[in-house]
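Data block below; observations after.
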Amino acid sequence: MAGHSESPLSHVVDHPTIEVPWFTPPSFERTFALPSIGGIQITRFMVMEVVAAVLMVLILIPVVRHIARSHVTRGWFMNLFEAMLLFIRDEVARPAIGGHGADRFLPYLWTVFFFVLFNNLLGIFPGGASPTGNVNVTAVLALMTLAVVIGAGMRELGAAGYWIAIVPHMDVPRRMKPALWVLMFFIEVAGLLIRHVVLAVRLFANMFAGHVVLSVILGFVLMAYASLFAFALVAPVSIAGVIALSLLELFVAFLQAYIFTFLSALFIGTAVHPH
């Protein structure tokens, strides 16, 4: 257990413990083992995902109710979230999917944007972690988008029509067309799957790499702790670097949530409006 709290890379990987932030009293036990429920081990990333979901409920429901009641939103907090909601609608969903028909996909796009954003941001806080730095989490998010893409395409074009329309028109001799159509069908299905694999890996790689860099730079402080001179020389530089990179990671948290949502909307748009 103690190894998790001492390693500078401990918050990058998932493990069955959770840590209380460093501002607790020295005598207070800061690392707690998480239970196993029904044979399933609860991990830190699972807890963070639940925290993110709870934050979404506590924040977004009051914000949406306030927007529905008020013609003019007042207060920086309400304006901040209303601006993000409108940005996803007007600059992501409608341009990528097309017109007001995109609005039926907004609940999913809003949900995935804020879920990814909150999970990204949780890793910045002491004692927290970013589940989006785990490929299993991002893979499930990508699978959800894949399900929405296929469902949207089949609803728009029909169960068979969607899979037929996935192959572009080919201006080739009639004898060659059946064989080329089958080949193109498998290529297009593979491309559909690969796009969503890349969607998962892109988010995972960016979040994981950011946390690794922060952990390594902060770890220089622990390495130099044995020598007072080295500590006095390395610590200020490392801490300044961590602060600068933390601000960059804050930007990356918003950027990656936007990219994941934009690509999800783009994939939905290609399914609803094929070639």
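For the subset of segment 1-15 comprising residues that are surrounded by 12 or more Cβ atoms within 10 Å (Cβ to Cβ) and out of contact with any His (no Cβ under 8 Å at 6 or more places or on another chain), which member is modelled with the highest pLDDT? So that I can check it myself, show each step before the final result.
In the first step, residues of segment 1-15 are kept if they are surrounded by 12 or more Cβ atoms within 10 Å (Cβ to Cβ); the result is 1, 4-5, 7-15.
When the remaining residues are screened for being out of contact with any His (no Cβ under 8 Å at 6 or more places or on another chain), the result is 1, 5, 7-9, 13-14.
Details: MET1: 40, SER5: 42, SER7: 52, PRO8: 50, LEU9: 56, VAL13: 75, ASP14: 79.
Here the answer is ASP14.
For HIS71, are the conditions met, namely being surrounded by fewer than 17 Cβ atoms within 10 Å (Cβ to Cβ) and touching a residue at least 12 places away in the same chain (Cβ under 8 Å)? Walk me through it before giving the result.
On the way: surrounded by fewer than 17 Cβ atoms within 10 Å (Cβ to Cβ): yes; touching a residue at least 12 places away in the same chain (Cβ under 8 Å): no.
No; evaluated as a whole, the condition is false for this residue.
Looking at segment 16-53 only, could you name the residues that are modelled with pLDDT of 85 or more, surrounded by fewer than 15 Cβ atoms within 10 Å (Cβ to Cβ) and either of a type in the set (Lys, Arg) or within 18 Å of LEU122 (Cα to Cα) (or both)?
The answer is VAL50, and nothing else.
Just wondering, is there one or more residues in segment 163-180 that are modelled with pLDDT of 80 or more and under 14 Å from the mean Cα position of the chain (by Cα)?
No, that holds for no residue.
The values are calculated or read from the model by the stated rules, or taken from the named source; none is laboratory data. Computed from a predicted model, the values in this text were never measured in an experiment. Using ideal geometry, Cβ is built from the backbone for each residue, glycine included, and neighbour counts are taken over all protein chains shown.
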